[in-house]
Each structure stands twice: as C-alpha cells, then as structure tokens.
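In what follows, a single structure is set out as structure tokens and then discussed.
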Amino acid sequence: MKLTDLLDQPVKLPTVPKVTQRLIESFASEDVSVDEIAHQISADPVLSAKLLRLANSAYFNFSRAIGTVDDALRMLGWVMVRNLVLGHGMVAAFRNTPGMNLAQFWRYNLYTACAARWLAGSTVANSDLVFTLGLFHGIGQLQMHAGMPAVMAQLDKQLGVLHADRAELEKNTLGFHYGEVSAALAEIWKFPPPLIQALREFAQPMASGEFLETAACVHLGAWRARTEVLEMTEQEVLATYPSAVGKRLGKDPSWVSTIAAQTPGLAANVMPPLNKLTEGLDALLA
C-alpha cells in the first residue's frame with residue numbers, strides 16, 4: 001500500500017472532536033478568538049473538567065487553584081492550553097486501534113513530549129512547538145494500524161512499534177515510515193509547515209539537508225521515553241544513546257542520569273525522572 005492509498009480511506013481517518021478541529025484550524029489563523037475557544041471548551045463539561053485537572057496538576061505547580069477555563073488560559077497560556085486539548089482530542093480520536101497497546105503508546109508519547117520540551121529549554125528550539133511534536137510524532141503508527149492492520153501485524157512480529165529501528169523497517173518494507181504518516185495527517189489537518197517538516201524528519205534528524213533542532217529534540221526525547229517505557233537495562237541505555245544527534249544539538253550526554261553516573265567529570269544537568277517530569281499530565285491519557 002502506498003502512503004496516498006493509506007490516507008485515501010475516509011472511513012479509516014480519525015474523527016476528531018469539533019473543538020479539537022477548531023484548535024487545529026487556529027494554527028493557520030492569525031485572528032483566532034481565544035474567547036470563542038474558551039467558550040467551546042467550557043461548553044464541554046468533560047473536556048473543561050479535564051483541562052482544569054491538568055492545570056491544577058503538579059506539572060504546573062501553581063500557588064493557587066485554577067477554577068475556570070478562562071483562568072487556565074491566563075495562567076497556562078493559549079499555546080499550552082491548545083496542546084493539552086489537542087492531546088486529549090487525539091487520544092479520543094484513536095481510542096479503538098487494533099494491534100496497539102494504547103496505554104503504553106500514549107505514555108510513551110507523553111514522556112517524549114515532556115522530555116523533548118525539557119531538552120528544548122537549552123536550545124533555540126521553540127519548546128511549545130517541541131511539546132506539540134512530541135505528543136503527535138507517533139500518531140502515524142495508529143493510522144497505519146487502523147488502515148492496514150494485517151500488514152502492521154506482520155511488522156509487529158519483527159519489531160515492536162516503539163523499537164528504535166521501527167521507522168527504518170517500515171521504510172524498507174513499505175516505502176514510508178510512521179513519521180511520514182504523522183506528517184501527512186498533520187498536513188491534512190492544516191498544521192503549520194515547520195511542525196509538518198519536523199514530523200517527517202524526527203526519526204532521522206541527521207539525514208536531512210537542513211538540521212532541525214525541533215526534530216532533534218523529539219528524537220532524543222523519544223529515545224529517553226523508550227528507555228523508560230521499555231524498561232531498558234543500564235547496558236541498553238548506554239548502548240542505544242543517539243550520540244551523533246546529541247552532539248549536533250550541542251548537548252553532552254550528562255543530561256541522562258545513567259550516563260552521568262558512568263562518566264565521572266561530566267558537568268551534569270540531569271533530566272528529572274520522567275514520572276516526575278510528567279506528573280499530573282497523565283490525565284491526558286484517560
């Protein structure tokens with residue numbers, strides 16, 4: 001199956017909630033009405049309750065309680081609220097996907113988003129864009145499993161969907177990989193071009209003619225998420241570290257606790273444990 005054939009199946013494309021679609025449209029709109037979006041979120045009791053739960057989570061650690069959607073917009077900022085609502089919408093859109101461990105998959109994506117955002121803090125990459133990329137970088141896997149379940153079942157027997165070499169296996173077998181499917185979906189939904197380009201390139205950020213720090217942050221964040229979700233041993237962590245990407249991004253490996261512990265003399269700025277870094281955001285996955 002070609003990539004165009006995979007996406008040319010209207011019944012197989014995910015249906016996103018109306019407010020999520022409006023938020024996606026806001027990427028391309030310079031005059032988006034924040035008040036209108038706040039009204040749409042408030043009109044959905046489940047969504048507004050989830051947003052307030054997220055806003056009051058340990059991840060944001062505000063000194064006072066956030067009681068309304070308007071408060072959440074003021075305290076979190078428009079972009080972060082959009083990211084949280086979009087994440088909720090995507091989880092809902094792909095709730096029934098054959099052949100996928102969805103709890104593990106979304107935890108991996110959330111870990112990727114938060115790890116990549118932390119990494120972006122020491123680069124010129126836009127941390128909010130990187131967080132969005134991390135949340136959505138893997139949705140191509142869901143679309144592929146929904147659109148061609150028999151083909152994906154065969155690939156799953158060879159390598160798990162979270163394996164570091166999964167994109168290469170898909171490219172060699174199908175002619176495209178899940179990152180390219182994620183990018184194609186983002187293009188259909190009219191996400192901004194920088195996000196679409198980064199989705200195409202995060203799996204192999206060194207292979208592009210133009211090195212994108214956003215893609216590289218997601219690549220490193222995905223590696224860190226993978227080590228946690230797949231419960232890698234210390235030896236596996238050390239062996240699989242994408243050192244070329246880290247070096248090109250200007251980050252020595254001391255940000256990884258396991259590597260810092262094994263390399264005396266490194267000036268460590270260690271990433272917090274992922275369960276702490278994402279504390280409270282797991283409400284996105286419910």
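Summary table below
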quantity: Top of Leu174, Leu110, Leu274 by mean-square fluctuation, Gaussian network on the chain, Cα under 10 Å; calculated: Leu174
quantity: Value at 222 nm in deg cm²/dmol, rounded to 500, when DSSP H runs of n ≥ 4 in the chain each add -39,500 (n - 2.57); calculated: -18000 deg cm²/dmol
quantity: Where only alpha carbons of the stretch 54-162 are counted, the Rg and the Dmax (Å); calculated: 16.3, 51
quantity: Pairs beyond 32 Å (Cα-Cα), from Lys50/Lys190; Lys50/Lys171; Lys251/Lys276; Lys18/Lys247; Lys247/Lys276; calculated: Lys50/Lys171; Lys18/Lys247
quantity: Gyration tensor (alpha-carbon) shape descriptor, the stretch 121-208, a/c threshold 1.5; calculated: prolate
quantity: Additional length obtainable on full extension of the chain from Asn96 to Asp128, 0.36 nm per residue less Cα span; calculated: 8.7 nm
quantity: Three-way shape label, the stretch 14-93, alpha-carbon gyration tensor, a/c 1.5; calculated: prolate
quantity: Full-extension gain in nm, Thr173 to Val270, via 0.36 nm per residue minus C-alpha separation; calculated: 31.2 nm
quantity: Cα gyration tensor, the chain - rounded (a/c under 1.5), prolate or oblate; calculated: oblate
quantity: Two-site FRET efficiency, Val151 against Ser63, from Cβ-Cβ distance with R₀ of 35 Å, rounded to 0.05; calculated: 0.10
quantity: Computed E for Val34/Ala261 - FRET, C-beta separation, R0 45 angstrom, nearest 0.05; calculated: 0.50
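Every number here is computed from the coordinates shown, using simple stated rules; none is lab data. No experiment lies behind these values; they were computed from the predicted model shown. Cβ: placed from backbone, ideal geometry, glycine included. Neighbour counts: every protein chain shown.
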